[in-house]
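A short worksheet on the structure shown next.
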Amino acid sequence: MTLMKEKAVEMIRRMPEDNMTYVINILQNLEAMSVDKDRDKQRAKAALTDILNMEKRLPDDFDPEKELMEARTEKYDNFG
């Protein structure tokens with residue numbers, strides 16, 4: 001057991017029994033957070049892989065300003 005875990009166990013041993021509900025709740029939340037981090041990392045890596053696999057080149061005559069203007073006109077033309 002690591003020194004940090006030994007310290008934690010010793011602190012828990014010194015606590016009154018009626019505080020154990022709070023300790024258990026905190027430990028459950030910490031455990032859930034660590035599981036979520038691993039899952040989030042896996043999902044992020046998968047998403048990046050998907051993006052990299054879909055990478056395509058734009059045509060030489062691609063004009064981002066023109067594309068933006070056309071998209072805005074198409075979306076907001078009915079408001080004015």
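So the values come out like this:
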| quantity | calculated |
| --- | --- |
| Number of positions in region 24-51 that are farther than 30 Å from residue 12 by Cα and open to solvent by 100 Å² or more (accessible area, probe 1.4 Å) | 5 |
| Which numbered condition residue 62 misses (of (1) open to solvent by less than 100 Å² (accessible area, probe 1.4 Å); (2) part of a helix (DSSP H, G or I)) | (2) |
| Flag for residue 55 being surrounded by 10 or more Cβ atoms within 10 Å (Cβ to Cβ) and acidic (Asp, Glu) | no |
| First in region 40-62 and aromatic (Phe, Trp, Tyr), second anywhere and in a loop (DSSP other than H, G, I, E, B), Cβ under 6 Å, 6 or more apart | none |
| Pairs, first free of Cβ contacts under 8 Å to residues at least 60 places away in the same chain and of a type in the set (A, V, I, L, M) in region 18-35, second open to solvent by less than 90 Å² (accessible area, probe 1.4 Å) and assigned to a helix (DSSP H, G or I), C-beta under 9 Å, six or more apart | 20/12; 23/12 |
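The values are calculated or read from the model by the stated rules, or taken from the named source; none is laboratory data. Here the structure is a predicted model, which is why all the values come from computation and not from measurement. Cβ sites come from the backbone with ideal geometry, for glycine too, and all protein chains shown count toward neighbours. Side chains are part of the model used for accessible areas, which takes the heavy atoms of the whole protein and leaves out ligands, DNA and RNA. Shrake-Rupley method; radii C 1.70, N 1.55, O 1.52, S 1.80 Å.
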